[in-house]
Structure formats: structure tokens, C-alpha cells
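Okay, structure first, notes after.
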Amino acid sequence: MRRCSRLTDSLLAITLAVAACCCSLLATGTARAADLPLHQRIDTLIEARHQGPASELTTDAEFLRRASLDLLGRIPRADEVREFLADRSAEKRAQAIDRLLASPEHPARMADFLHVMLMERQGDAPEWRKYLADSVAANKPWDKMVRDMIHADPADESVRGAAFFFTKRLENYGQNPVDVPGMVRDVGRLFLGVDVQCAQCHDHLFVKDYTQDYYQGLFAFVGQAQIRRDLKFPALAEAPLKKKVEFTSVFVKEPRAIGPKLPGGKEFDVPEMKPDEQFQVPPDRKTNFPGVPRFSTLKLLAEQLPTAENRAFARNMVNRLWWFAMGRGLVHPLDLHHSENPPSHPELLDLLAAEFTAHHFDVRWLLGELTRTRAYQRSSRIPEGVAADSVPEDSYRTALEKPLSSEQWTASVAEAAGVAARERQSVEAWEKLRERFAKAFANPPKEPETEFAPSVKAALFLMNDPVVLGWFQPANGNLAERLAGIPESERAVDELYLAVLSRTPDADERLEAVQMLAKHADKRSAALGRLAWALLTSTEFSVNH
Amino acid sequence: MELAQLKSLEADPQLVSARFSPCGKFLLGASYDARVRRWDIASEDWTEKPAIDGHGGWVTALAFASSGERLFSGDSWGQLRCSNYAAADKPAALWQVAAAHDGWLRDIAVSPDGARIATCGIDKRIRVWSAADGAKQLDFALGDGPLFAPRNGSLDGDAACLRFTPDGKTLIVADLKGQVELWELDGLKRGRKFDAGVLFKYDRLQDVGGVRCLATDAGFQWLAVGGTIPKNGGSVTGVPTALVFDFATGELKHTLSFGQTNDCYVSDLAFHPRGFLVATTCGTPGSGQLIVQKPGDKDPLFATKKMVNCQSLALHPDGERLAIVATNAGSNGNGRPLTKDGAYVTNKSPVVIWKLPA
Amino acid sequence: MTSPHLCRPWEHAWSRRRFLGTAATAAAVVGSGGLGSGGSSLNGNGSAGLGPWLNPAIAGQVEQKRKQVVFIWLDGGMSQLESWDPKPGTLFGGPFRAIPTSVPGVHVSELLPKSARQMHHLAVVRSICTKDNSHSAGVARIQRGDPKNRGVTYPYFGSAVANLLGPGPTNLPPYVWIKPGSGGFIHQDAGFLGPKFGALAFGDGKPPENMLRPEMLSDADDDERNALRAAANRRYANRRRPTVNDASSYVYDTARTLMKRQDLFDTSKFDPKDVERYGTHELGRHMLQARKMLEAGVTFVKVNSYGWDTHGDNFNGHLSLACRFDQPFAALIEDLAAREMLDHTLVIAMSEFGRTPRINGHVGRDHWPEAWSVAMAGCGLKRGAVIGETNDVGTWVKSREFDIGHLFHTWFRCLGIDSKKVEYDNKGQPLPLAHDDCEVIQEVIA
């Protein structure tokens, strides 16, 4: 048991089954738990808590679709599916994961994911997108990225776009003034998994952990941030923090003051300085240069927040990546980490955080491990003979259906229709297309996209949008044209299923489709278009199942 | 030019406007509490005399007979009243018309010979009365819209300001849609138009702006109208603006901007006998100016922001004194402002007297 | 009362633990129950096809006649003193007069002459006292009924009614919102009920985007492709949690129903006499369209008018605004009464707060949640009633104060729902429909 001590104390609470497992491993001497690959340790911890049968693993086709959507942001192409199904290698899933993670499409997908997670559709800027794309392509560790976002050197072209995270939040929002509490809240939510909103004015009433200094201490870090008006790209200025932030609880009317302090962390002093000492580089009114304060709280935050010592930092990100892969956070909702909303699998969250930290906050590595798990690779079908409502979401006995982002929709519909390569030829045209889809599929600004939220708007879009419908008319080697060239209906139907649903049809499906085509023998192409549309708008296509 | 502050009164509740009597001995204030307040400015301490009672709603218009000590006052419930403003005790009505208009009477004009007065109201009618006894002489509408039921976003014919021309035969009528036109009273013929349409905007469901005040110089060379170039309704913002027309041709000669969008309205205008315009502005609480400017000049001769939310200005017949009806600071009512004793009180109108240099 | 705080003490009287414990272990059920059939089986049911939609707990409580709601939102804050609670000739009364109404002894502002003639249908509560005096928080807070904080976002009244009563036999969206400006699908209104109970907003009364089917697709083709989609979904549903598939199917059903009702948006086909009666201005058009929507069977219609935040020039402002509310409001009441729809249609006209008695230097009135009025009609409310009163100068409520929670309980009562018994089921977490400390305003119930 001592060998397990690398896991934190909470491990002691888990079931004997795990202990037995560890011990048996020790006994045989083949491996120590800590030496096993992370994905195996994850499955051990997850399955130890199963209370009932788990779903079988997905079919190969389902696996490829799931992993492609997650890691490339699109469904697999028909030929990719065919190739994968034909692959007889026992290791083909692991190999596929490595291939997908190494694909040039993977960084683009992760940049989209991070953009939506971090900006919540509040806005976009070319510098920011470039920063995300470059960082993900280089697999920049998460702590470094967060450091860039908090305190990027405007002189360093390779990181300065990261400042957009704050500068966008420092702009007026429509007719509303700058929402500083919202910005403080986002730092807490997105980087630490704590929503400090209610702690602005008093200790949180039903989240005991969230005391008022959770908000005020974070505010002391970022409350001085301003937009630099003297530069053409997003950049942050900072006013000197001259004294502690003063606040009063609305309940206990005694005034308090606090210096910069991370939630649950130590408070930093605010050094006293004479007015002429406050700036390291003084402001210059002529050039609008805002100056550089000697005591920079943003610099301090960049040094203190994205660190191994700050447990909340790693725990937040692994929880978000768990959600990314599994469709639900170990702590759920994602931004309510506190003692009364414990993780469904505390020992697992500890393990993931520890390993993520030990691997220098390597997101790509963690995604590789998560996607290798059985938990990830289970079918979304409830086990045979089991009632759907008896399988809790957070048991991971059955995979959860994950929503598709607007970006996943765009790429997948284009892929299914066989027009992706053509549509992607012009970067601008592709961006416009993504915007067209975003109008139908994206949430409004500031609404996190974490739940499955189908809408009538999106349904109307897919039913009637001329661009989308046009893709299903034969032209330029698209799917419709390809199908028109296959005279045998059965083969055409197989090809259609492969292209749209990334699998072959079962016998019933094939028969039904063939009969339908026979009914419309004179207008076969249009009938195939309707069939394709029906599959495209089916629930099966609409989620990552 | 430097103006000096002479004196200040305070009216509670607020005043709609103030005017000096032609005899120069009284300052009259049209009050939110249905009174016409009277200050004897010949006395050393500007003793307040018993107010004129008998009105309803707000007193909204004051005008004086050209001779005799008679005041014509109108209110927001439609009453027109003639009183002796100089009476030692509470003045009784010399005559009154209880329903001169159906609702808010917006302005009163007195003919140069003093025989007739004209009134306009939100019933969209213009009426002419005998100044001697209040007998109705003329009654006409500018538009055909029914009361409170504007069509297609218009408030056609909702006249806000009236003046007689020097011959007494024609009325200058300015309305809340920014239309200014002449009406010959004999035969009721429309005459020259002055386009002040920039002072109006239909925003969402709201008619915003329109002509709010009107002044002519002594020789009738200029016709000036004041209001705002509206940005939006609701809270109402816009740039306070005075348009100065060549009266003889109707041509717009000068557009005078008196501030930013939150300064909103030119609330009152007067031509000084020496040819310059005096204007007050009033916008979001805390804004407001007194401005003295020649129509053709780019910059004002004098401007002060010492008073906020100036509602009205009165020029003394001696040409040397001005009375400005302003508002107390902090007049915004958000957040339930209470006094120390927990009372909820009205805003007030400081009335500030300024001396013009000779 | 101005507070910079994001939340208030009274929002916190509930321990989060009580439900998080539940939610963590319960199986996920999005929204309320009863959506299983996705609206496709809303027929052949004695209670007007309500069965599958109703929260089972209230199925027995709702009367036979289908209840509907029209909710007129005057955004920014209508002045109670220039509308339902005039105080002419008093310190803060402003310039306007009061006029008699069709109910002897009851007076309203002269700015509502047409509504005054419909007063015998109306129930006006003059003793509303709410908590929030900022628009940014107030609009949502009022429309969500300002319940005690349970750590969840409560639905707007429209979403609540959509959830509790469903779309009815027409399968039109249960909650539509006719508003100036842009339209769209406003799912934020739904709060914890889930996106499908959000509002379908018709910007400037126009249909949403992509409402027209391309000409190349015939009716039969469209039916066929949707039948194929439904068949695919039936297969997919096998051995899967039902929530995702149900919700996904539902949005297509609703979209298809909407596409069949283009007539609701074609203002050129509206009766010119009606257009004249309701007014050719924006709010008139939208209120007439609201009547059409009610006639078509939409459960909850919200109509928005913006620009009532008259901090400046309040009196000229209300002269413009109030009459453009008065005309269509009176016409709507008259029409609903004439069609005997008022018996089962709840009409509500309100803002996020009233306006200050004190008149500011911009001759405006500011925000006043302390003492204001709400006008309502129909659906079991008293007719020709005025409930509650403010003091002589209109500054404070003199009778018992009613908060928005009282109104919510009252409205639910009108809809046949006992809000003290029925609860929402938020993934296993029971949640009251309205503020626990408030109750029905009995005085206004017929």
C-alpha cells in the first residue's frame, strides 16, 4: 500500500477493489501502479466505482468518428473510415490516436476549442488567433500559455496576441460599460475553476470555501489592467496598485483591505512607494505610453497562478480536458470547484492533476492518455437489459453524447458532403462559411458552450440554407456526384452512410434506403440528396456519440 | 464679456420658467405646484409676495400685457388666466378661461398692440383671445390629428411656441416636430416656413425634440429657435442647438451648437437689445450652461457652467440683468435619495441673477 | 438603495448543498419531463392535446380551456404617475390630468384615454414594490420572478409557462417574443429549464432566418426527408438515454410547424381596419401580430417596446410613448373580450420598475421600484378592479406591498397552477415556481 502513497490521501477512501488491484500488481512484481501508463490507472479508478454493468467498447467506426471529431474537429472521411476498418493491427486505436494528435489539423482544432472556451464568443482578433494557433502547434505547455495571457510582453511578437484575453474584456460590451467583476470572475472560472461572482460583496453564502477575499484578492491582481491605447495590437497597460483593495462585506460592515491573493493562497504585500517611485518606466503623455509600474500585479499573477504549487490551476485544466474528452467534468459544473461540490472521482482528479503537473502541463500528452482509456472508448449505448436512467452520467459506464461546436459542424457537414477540400481552398471563404454556421450553431456571447443545446434556429438552417442544400447537388466531384456515378443502389447507400455517418448501414437501413431509391428511380440523384440530408440532420450526426 | 453673479433665490418645488415684468419691478416664476410666484425686486431683499393661485398642474406659460400690470398665465390643465401681477396682496383673476385648451397650454403670445393674445396647447389648437376679457376670437388647428393619437409617428400641429409679428396680423408658430411657419390670422393662411427639422427625431415610439424655445430680435431681422439635435429618445440626449434664420427670407443663417450630446436642450433663448443671443441649456442632471453669443460668431462672448440644468432665462427690461432658473446639483433620483430625517423631497430651482456689463 | 453588488443577501437563503448532492447522483434529465414524444403525438387527447407536455403534477389542475398569456413589456420603465396611478395636482404629480374610466370612481392618466374605456376589463395593482432599480439586473430579475437564490438561473415567465403548459395542439413554439430590432432564439430566458424553453424572437415581427423552404423541394419531398430523419432517430434511440435524441427531434418538429404558419408574419394580409385601430406604429403592429399569434394558439406571446427610460423630458416622452401603448393595448383588450378569449388569456402590461416621483433637472423621472403599478386582465382576474394604493404623493405604497413574487404566484394561479404545490424538477432538484415568501394576491382574483 505504501507504494500507492504518491496518490493523495483521498485515495485511502476508495474501495478495496482498487487496493486489491494495486496489491495484486505488486505481488506479481510486473509493475508498480505508478509506473503504469496513465490511461490504465484512470480506468482502474473509474471502474472501481462502477456499480453495474458498463457498456461495451465502441465499434471501430464509432471510435474513429469520436476521436476524429475530438482531435481534428471533423468527422473522418469515407476513405479514412475504410482504411481504419481494414486495418488488422491490434494497436490500431492507439496508432490512430497518435496519428490524429500528430496531424496538422489537430492544432487548428485545439485552437478553436481554446478560443471558444476562453473567449466564450465575446470576440476575436487575428493576433489572438495567431497566438493560439502557434502555441498549440508548438504544444506550448498550458502554464506558459496562461502566463502569456496574463502578462505578455508587447515587444515579443510571438506572444503578444495573448493579451487579447484581457483586452477584449476591458472593452465596452455593446452599450454596457466594461464589466470588471465579470473579468475577475472569468480569471477565476477559466483558470482556477472557481466562480467568485457572489463573493464580490460578501463571503459566499452557500459555497463556504468562497470567502469574500476570493474575489477581492483576485481583483487586487487584475483590477489595474487597462488597454494600451498607444499600440495597434491588443496589449495591456497597468496602473500601479498603490495600496490594498478596501472592501466591506454587506453583512459585516467592518472595512477590510487585501493585497493580491489567489483563492485559498497567501496574500501579497503591496509595497509602499512614493508617487515618483511607482513607475519603473514612467508614462509619457505625448505618446500615450501608459508606463510600467514598479510593482506589477499582473506580473505577480503570471508568476503565481500558473504554477505547480497552485493546485487549483492544474485541477481546473484537467477537469476541463476531462470534460472535453468525456462530456462531463469530474467536477461539474466546470467552474464550481469547492468542498461541497466534490469531484465524482476525487482520487482521479488528484491523479490527473499530479500527472499533468509532472508532465509540465502538456495538453497533447494528456489528451493522448484520456483517449486511450476504456472510459473514453465505451459505446454511448446503454448496456443491454439495463434501464437508461439507472446509469448515472458521472459513472462513465456508458459514454456521454457530446455537443458539436459550430466549428465542428462546419467542417463535418462540408466533409460529409464531399466539399471540404474545395471550400477550404480560400481561407477567407472558409472563415465566412464558419461564420455562417456560427450564426446557427454558436451560443450567444458569454454563454459557455458546455451543454447539448439544439435549437430551432439550427434546424431551420439545416432545413433551408441554400448553401448547405446546394452541397448535396452533384457537382465538382462532391458526394452527390460520386453517388450518381455508382449505379448499384446498395453500393451507393453504403458509400452514403460511410460519408455521412462514418459507418456502413445495417441490413435494415440498407434495405429501406434501396427501396426508397427504387421508388424515385427517375429522380435518383434528388432522392439520394434527401437521404443524405436525413442522415445529416439525424441525432446520430448531430452529436459526438 | 464678463457677467457677474448678483444674487440668488431658491424656489421649491421647481419652476418651469421665470420672467421679469415689463415694469421691471417684479420677477414672476411659473411653478410645478400650480402657483405663479412673485418676487418684488424693487425691494432690497427681493421680498416674495403672495403667489397667484388658481391654476392646475404646472404653470407652463407666462406673458405680459404691453401696458398695465397684467400677467397672462397658462397651465398644463388648460387654464388661461389674467391677473394683476403687481397687487400687494394675493392677486385675484381679472378674467380666466378654465378650458382654454384641452390639457397642457404650452405658450402665450401677446399682440404688439396688446389687444389680443394667442395660445397653443397639446390639443393641437391655436386660439386667439381678447386681452381685455378673455373672449375667444379665433380657434384653429395646425394639423388634423386627434388628441393623443399621433398618426405615423407624427405629432402634427403640436405647437410649442408662438409669437406675433410686429404688425400683429401674423403668428410665428413652432412645433414639436421642428416645423416653424407663419400663419396670417386674417383668412388663416399659411405663410413662410423655416425648416428646423434637424431638431426632431422619431426614435422607436417617441417623438424626440422639436422646437422648445423661440426668440426674435427687436428689429425682426433674426428668428432664433432652440432645441436639440436629438440622438435618442428615452433619456433623451442630443446636442443643444439654436438655429438662427433670416426672418425676411426664411433662410437658415447660423447653427449654434452649445455643447455635447448629454447637454441636450437649448431650454430658453432671448435676444439682447445689443444684438447678441442669450441661451440656457439643460441636459442630463449636472449638465447645463448659460451662454452669450453673437449669431455669426464661432465662440461665445461668455459661457458659464456654474449653474446646472438651466430651465429658463429672463432678461430684465433694463437690459442689464438676467435671471436664470437652474436646478440643484444631484437632482438625479435613482437610488431613493432621502434627507437625514428620512424625508423624500422635491428638487429645487435656484434662481440666479446675473449682471451684464454695460 | 443603489448597490454596486452583484447579488443580494436575500438571494442566498438556500443551501447549495441540498441540491448539489442530488444532482451529482441523479440521472440527467434536461428540462422537465414530458417531451418524450417530441410534440408528434399531441393529438387525440381529451385535454386539448396537453398531456405529453404537462408536468404530470399539474395535469389535473389545468382546466379544459387552454390558457394563454400575452405579456407586454415596456422596457426602461413606464411612469406609473403618467399611466395607472396619476396624482394630479400633488407635489410630484407632473403636468398631466387624471381622467375617469369605464369604472366609476377609478381614474387613470389622461395619457391613456382608450385604455380608460376598457378599464372594466382590467385589474390594476398599484402597490408594487420591488427590489432592483437597475435595468441591467432589473429586467431579468423581474421577468424571472426574483425567487430566492438556489444557485440556478430561473426561467423568465415566458419560459416557465412554455415549460408548464407546453405548446398546445398547434405545436407552434410555446414562447414567442415579438420585439423591435433583431430576432433569434433567445435561450437564456429559459435558465435551468434548458434551451428549448427559450424564446423564439421575431425581430420587428418578421420570421426568423431560413423560414422559407427552397423551391426545388416539394411538400412531398420535404415530408419524405423528414420521415427519413425521424426513422434514423428512432433507430438511434435504441438503448440510448432519451434526452438528447428527444430534444434534437423536437427542434425540427417546431421548425416545421413554424414554416407552415408564414401567414402570421405577412403584415400585408392583416385587416386594414385592425391596422388602423392598433396603430400603424411599431408597437401597434406588434400588438396586432400578438393577437394573431394568440388566435393561432401560441401559448405565451411577449411583446416588447423599448425606450421607456425617460430620465429626460419625461412628460413629452410619455406624451409620445403612452399614447402609442394606449391605442393597441385598448384594441387588444377590446378584441380579446369580444372574442371571448379574455376568459382564458392572461394579459400583463408592465416594466422592470416605475419612475421616481421626484422630477430631475432634465425634467425626467428616474428609476423607482418602491411604488409602482402593473396592469393585467383576464384569465380569472377581477374585472374593473384596482388593488392597493400609494400614498397621496405617490412616493411609497400605503397598502400592503406586493413584490414580483406575489405577481408570479398570482399569474400561476390564473393559469390553473398551484405554485405552492407544483415544483420544477431540475435534474432531480425540486425548485419552487415562485418566491417562497410570497403568495397569490387574493384581492385580484375573481
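Search the structure for amide H atoms under 5 Å from the amide H of A:SER379, placed 1.01 Å from N in the peptide plane, and list their residues when 5 or more places away or on another chain.
A:GLU56, A:LEU57, A:THR58, A:ALA399
Would you mind giving the mean number of other chain beta-carbons within 10 Å of the Cβ of each residue in B:334-342, as a whole number?
4
Mind checking the mean number of beta-carbon atoms from other chains within 10 Å of the Cβ atoms in C:316-328?
If you average over the peptide's residues, the count of other-chain Cβ atoms is 6.
If packing is taken as the mean number of other Cβ atoms within 10 Å per residue, what is the order of C:433-444, A:418-429, C:367-378, A:161-172, highest first?
C:367-378, A:161-172, C:433-444, A:418-429
Charges at C-beta only: +1 for Lys and Arg, -1 for Asp and Glu. How large is the resulting dipole of the protein assembly as shown about its Cα centre, in Debye rounded to 20?
Around 480 debye, computed over the protein assembly as shown.
For a quick check: with amide H placed at 1.01 Å from N, whose amide H comes under 5 Å from B:ALA141's, ignoring anything fewer than 5 positions away on the same chain?
Amide H neighbours of B:ALA141, under 5 Å, 5+ apart: B:ILE126.
Pairwise over distinct Cα atoms, reciprocal of the mean inverse distance: report the Kirkwood radius of the range A:406-460 in Å, one decimal place.
12.0 Å
Just the C-alpha atoms of the protein assembly as shown: what Rg/Rh do they give, with Rh taken as the Kirkwood radius?
With Rh from the inverse mean 1/r over Cα pairs, Rg/Rh is 1.02.
Which lysines, on any chain, are close to B:LYS90 with Cα under 19 Å apart, when same-chain ones fewer than 8 places away are left out?
Reachable lysines: B:LYS25, B:LYS49.
Please sort A:470-482, B:95-107 by packing, taking for each peptide the average over its residues of neighbouring beta carbons within 10 angstrom, highest first.
B:95-107, A:470-482
Label chain B by shape, choosing from rounded, prolate and oblate, from the square roots a ≥ b ≥ c of the eigenvalues of the Cα gyration tensor; if a/c is under 1.5 it is rounded, and otherwise prolate applies when a/b is larger than b/c, oblate when it is not.
Since a/c stays below 1.5, the shape of chain B is classed as rounded.
Report the normalised scattering of the range A:108-304 as log10 I(q)/I(0) at q = 0.15 Å⁻¹, calculated by the Debye formula with identical scatterers on the alpha carbons.
Debye curve over Cα of the range A:108-304, log10 I(q)/I(0) at q = 0.15 Å⁻¹: -0.97.
Return the subset of A:LYS92/A:LYS457; A:LYS274/A:LYS299; B:LYS124/B:LYS298; C:LYS269/C:LYS382; A:LYS253/A:LYS274; A:LYS402/C:LYS427 for which the Cα-Cα distance in this structure is over 29 Å, preserving the input order.
Cα-Cα > 29 Å for A:LYS92/A:LYS457; B:LYS124/B:LYS298; C:LYS269/C:LYS382; A:LYS253/A:LYS274; rest within.
From the residues A:MET110, A:ASN544, A:ASN172, which one has its Cα farthest along the dipole of chain A in the positive direction, the dipole being from +1 and -1 charges on Cβ of Lys/Arg and Asp/Glu about the Cα centre?
Of the candidates, A:ASN172 comes out farthest on the positive side.
For the range C:265-404, with the dipole built from +1 on Lys and Arg beta-carbon atoms and -1 on Asp and Glu ones, taken about the Cα centre, which of C:GLN289, C:THR356, C:TRP308 lies farthest toward the positive end?
Most positive-ward Cα: C:GLN289.
Name the residue from B:PRO337, B:THR255, B:GLY187 whose Cα lies farthest towards the positive end of the charge dipole of chain B, charges +1 on Cβ of Lys and Arg and -1 on Cβ of Asp and Glu.
Positive-most Cα among the choices belongs to B:PRO337.
Hey, fewest Cβ within 10 Å first, where do A:MET149, A:MET117 land in order?
Ranking A:MET149, A:MET117 by Cβ neighbours within 10 Å, fewest first, gives A:MET117, A:MET149.
Quick one: the Cα spread of chain C along its three principal axes, in angstroms, biggest first?
Result, largest extent first: 72, 56, 38 Å.
Determine, for B:ASP297, A:ASP362, the number of other Cβ atoms within 10 Å of each Cβ, and report the residues in order from fewest to most.
Neighbour counts put them in this order, fewest first: B:ASP297, A:ASP362.
Under a point-charge model restricted to the Cβ atoms of Lys and Arg (+1) and Asp and Glu (-1), what is the dipole moment magnitude of chain C relative to its Cα centre, in debye to the nearest 20?
My answer is approximately 1080 debye.
Excluding residues fewer than 8 places away in the same chain, name every one of the lysines whose C-alpha is closer than 16 Å to that of B:LYS231.
Hits, sequence-local ones excluded: B:LYS177, B:LYS201.
Find the percent of Cα-Cα distances in chain A that exceed 40 Å, and round it to a whole number.
32 percent
Excluding same-chain residues fewer than 8 positions from C:LYS273, which aspartates and glutamates have a Cα within less than 18 Å of its Cα?
Correct list for C:LYS273: C:ASP263, C:GLU282, C:GLU295, C:ASP326, C:GLU334, C:ASP335.
Out of all DSSP beta bridges in the protein assembly as shown, what portion is antiparallel? Express it as a percent rounded to 5.
Around 85 percent of the beta bridges assigned by DSSP in the protein assembly as shown are antiparallel ones.
Arrange the following residues from fewest to most other Cβ atoms within 10 Å of their Cβ: A:HIS115, A:HIS545.
A:HIS115, A:HIS545
Kindly provide the helix-only [θ] at 222 nm of chain C, computed as the sum of -39,500 (n - 2.57) over DSSP H runs of four or more divided by all residues, to the nearest 500 deg cm²/dmol?
Taking each H run of at least 4 residues, the total per residue is -9000 deg cm²/dmol.
What's the magnitude of the charge dipole for the range A:108-304 around its Cα centre, counting Lys and Arg as +1 and Asp and Glu as -1 at the beta-carbon? Answer in Debye, nearest 20.
Result for the range A:108-304 is approximately 180 debye, rounded to the nearest 20.
What area, in nm² and to one decimal, does the C-alpha convex hull of the range A:233-300 cast on average over all directions?
That works out to 6.7 nm².
Every number in this text was worked out from the coordinates using simple rules, so none of it is lab data. Note that the structure is a prediction, hence the values are computed from the model and not measured. With ideal geometry, Cβ positions are generated from the backbone for all residues, glycine too; neighbour counts draw on all protein chains shown.
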